[in-house]
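Student: Once you've had a glance at the structure underneath, I'll fire off some questions.
Quick note: the coordinates plus some simple rules give every number you see, no bench work behind them. Predicted model only: the values in this text are computed from it and were never measured. A quick note on method: Cβ atoms are made from the backbone with ideal geometry, for glycine too, and the neighbour counts reach across all protein chains shown.
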Amino acid sequence: MSFKEFERGELPRWALVRYHMDPAEVTDVAGAVRAAFAAVPGAVGPGQRVCLAVGSRGIDRIDEVARAAVDEVKRLGAQVFIIPAMGSHGGATAEGQLEVLASYGITPETMGCEIRSSMETVELGTVENGVPVYIDRHAYEGADVIIPVNRVKPHTDFHGPVESGLLKMVAIGLGKQKGADTFHAQGFAVFHRLIPAVGRFTLTKVNIPFGLALVENGHARLTHIEAVPADQIWEREQALLKLARDRMARLPVSAVDVLILDYIGKDISGLGMDSNVVGRYYTGPTGTGPDIQRIIVRDLTPGTEGNAVGIGMADVVLRQAVDQMDAHKTYMNCITAKTPEGARVALTVDTDREALAVALACCLKVTPAEARIIRLRDTKHLERFYVSESLLPDLLATGSCEVLEPLHPIRFDARDMLMDKEV
């Protein structure tokens with residue numbers, strides 16, 4: 001099917017810009033983890049069996065963090081093993097979750113310890129008038145100490161005093177698919193109170209002396225590593241969430257006609273694309289901006305392994321992305337999260353030229369030559385992006401952007417695919 005009829009005049013020129021954000025980052029991961037453990041003396045002792053709960057996707061240098069934590073536990077004279085604490089990820093199978101960890105560089109060989117993966121859980125009790133609380137069986141029965149390791153960041157599906165972080169991993173990640181499914185069945189509208197309720201309850205039932213909290217900057221690089229004692233997690237995680245929100249990358253514009261995303265994927269965001277960056281959710285605008293009329297998705301990341309959750313937020317998608325979609329992984333993620341709309345496939349075209357033509361034809365009050373277009377690699381990497389001519393003055397006026405390649409036509413090759421290199 002051809003969509004040539006929707007090409008309505010000359011496209012704007014665009015330029016490649018660099019977006020300057022806070023560059024502060026952790027340079028010595030092992031040293032930072034060592035210092036974090038030193039801040040909680042006595043939390044781990046000789047002879048104890050320690051379970052490190054790891055699992056959230058896309059964390060900067062998570063393999064280095066995990067290996068450093070393993071080394072610290074061993075140095076303290078304890079035994080250690082790792083479990084994947086990731087709800088339904090990896091197709092909600094033990095083997096799939098091992099594959100996800102391996103994609104991070106976390107294997108028995110690289111970590112120097114055993115990795116125990118199972119979807120079996122133990123029910124700890126109930127909260128909130130009958131909501132059951134589950135925990136990974138290996139963690140519950142095989143460990144004296146459980147240490148969750150997770151990134152603290154704004155969530156893509158709900159907002160509250162705490163969002164993605166240690167309490168969420170304790171409440172959902174450690175509960176495996178059964179716990180995640182039970183939790184999501186309550187609906188995102190109650191997550192802001194259910195996460196702390198389940199997290200606090202779990203802390204009374206198992207020995208979690210502290211969690212290892214990670215914060216990233218706008219360049220998706222680790223900027224902070226901290227051991228948070230169990231009795232301080234609720235208060236401290238709120239402060240770390242504010243730090244993460246202050247440092248996260250956001251587009252420095254208020255309105256865009258067409259946003260082109262080269263990639264979406266679970267290693268980019270739990271939602272494939274970060275709603276905090278694109279300003280929309282399945283149900284519509286988030287209210288925090290930017291205002292984007294149409295979103296084009298060109299491809300899936302290799303790291304997402306076919307999980308195309310979030311593709312439902314796009315308006316136009318390339319067939320190359322749809323063809324890579326693993327239905328089982330994507331559907332399992334959407335079913336567990338109770339968001340089937342996340343797997344809905346939008347208008348599908350074969351080429352970038354067609355995608356732009358269709359997206360612009362679906363915009364209101366826009367002529368192609370004056371269209372406000374931005375092209376990102378993905379919503380996690382905003383250091384460099386293409387921006388059309390009508391948006392360039394506003395970006396330069398912020399003082400945070402510089403032009404790397406001057407304005408030039410949007411170029412296509414003989415296959416009608418974008419010629420400008422990925423950013």
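Student: Holding the Cα-Cα limit at 20 Å, pick out from Lys74/Lys266; Lys178/Lys338; Lys205/Lys329; Lys178/Lys205; Lys365/Lys421 the pairs that are longer than that. Mind showing how you got there, number by number?
Tutor: Details: Lys74/Lys266 31 Å; Lys178/Lys338 13 Å; Lys205/Lys329 32 Å; Lys178/Lys205 18 Å; Lys365/Lys421 30 Å.
From Lys74/Lys266; Lys178/Lys338; Lys205/Lys329; Lys178/Lys205; Lys365/Lys421, over 20 Å: Lys74/Lys266; Lys205/Lys329; Lys365/Lys421.
Student: Quick check on the exposure proxy: order Cys362, Cys51 from fewest to most C-beta atoms within 10 angstrom.
Tutor: Values: Cys362 16, Cys51 28.
Ranking Cys362, Cys51 by Cβ neighbours within 10 Å, fewest first, gives Cys362, Cys51.
Student: Let me ask another. With point charges of +1 on the Cβ of Lys and Arg and -1 on the Cβ of Asp and Glu, referenced to the Cα centre of the stretch 1-101, which listed residue (Met86, Val70, Ala15) lies farthest in the positive direction of the dipole?
Tutor: With unit charges placed on the Cβ atoms, the residue in question is Val70.
Student: Please find the FRET efficiency linking Glu114 to Val345, where r is the Cβ-Cβ separation and R0 is fixed at 56 Å, and quote it to the nearest 0.05.
Tutor: Values: r = 40 Å, r/R0 = 0.72.
The pair Glu114/Val345 has a calculated efficiency of 0.90.
Student: Distance in nm between label sites at Asp420 and Asp22, each 7 Å beyond Cα in the beta-carbon direction?
Tutor: Result: 2.9 nm between the two label points.
Student: With labels modelled as points extended 7 Å from the Cα through the Cβ direction, what inter-label distance (nm, one decimal) is found for Lys365 paired with Asp144?
Tutor: 6.8
Student: Quick check for you: which residues of the stretch 341-377 have the amide N under 14 Å from the point 7 Å beyond the Cα of Glu10 toward its beta carbon?
Tutor: 368-371
Student: Cβ under 13 Å from Arg200's Cβ, Arg200 left aside: what net charge do those residues give with Lys, Arg +1 and Asp, Glu -1? Intermediate results must be reported in sequence, preceding the final value.
Tutor: Details: positive: Lys168, Arg193, Lys205; negative: Glu128, Asp231, Glu235, Glu237.
Every neighbour counted, the sum reads -1.
Student: Output needed: percent of Cα pairs per 10 Å distance bin for the chain, bins running from 0 to the one holding the longest distance.
Tutor: Result, from short to long distances: 5, 22, 31, 23, 13, 6, 1, 0 percent.
Student: Next question, about the same structure. Calculated from DSSP H runs of 4 or more alone, at -39500 (n - 2.57) each and per residue, what is the 222 nm mean residue ellipticity of the chain, nearest 500?
Tutor: Computed ellipticity for the chain at 222 nm equals -8500 deg cm²/dmol.
Student: Separate question: Along the charge dipole of the chain, which of Val349, Thr121, Val215 sits closest to the positive end, that is, farthest toward it, with unit charges on the beta carbon of Lys, Arg, Asp and Glu (+1, +1, -1, -1)?
Tutor: Thr121
Student: Next question. What's the magnitude of the charge dipole for the stretch 29-247 around its Cα centre, counting Lys and Arg as +1 and Asp and Glu as -1 at the beta-carbon? Answer in Debye, nearest 20. Each step should come with its number before you reach the end.
Tutor: On the way: 22 positive and 24 negative charges, 73 e Å.
Approximately 360 debye in magnitude.
Student: Work out how much length Arg34 to Glu99 would gain on full extension: take 0.36 nm times their residue separation and subtract the Cα-Cα distance, in nm to one decimal. It would help to have the intermediate numbers written out before the result.
Tutor: Values: separation 65, 0.36 × 65 = 23.40 nm, distance 2.75 nm.
Gain on extension, Arg34 to Glu99, equals 20.6 nm.
Student: If you project the alpha carbons of the stretch 256-316 onto their three principal axes, what span does each projection cover, largest first, in Å?
Tutor: 31, 18, 15
Student: Also, I was wondering about something else. Let me know the charge dipole size of the chain about its Cα centre in debye, to the nearest 20, where only the beta-carbon of Lys, Arg (+1) and Asp, Glu (-1) is charged. Before the final figure, lay out the partial values.
Tutor: On the way: 45 positive and 55 negative charges, 127 e Å.
Its charge dipole is roughly 600 debye.
Student: At a 10 angstrom cut-off on C-beta neighbours, averaged per residue, how do the peptides 225-237, 184-196 rank from highest to lowest?
Tutor: Details: 225-237: 18.6, 184-196: 16.6.
Going by the mean number of other Cβ atoms within 10 Å, highest first, we get 225-237, 184-196.
Student: Return the FRET efficiency for the residue pair Arg137, Val403: r is the Cβ-Cβ distance, R0 is 51 Å, and the value is rounded to the nearest 0.05.
Tutor: Details: r = 56 Å, r/R0 = 1.09.
After rounding to 0.05, the efficiency reads 0.40.
Student: Once each part is reduced to its C-alpha centroid, what is the distance from the stretch 331-364 to the stretch 291-326 in angstrom?
Tutor: Cα centres, the stretch 331-364 to the stretch 291-326: 7 Å.
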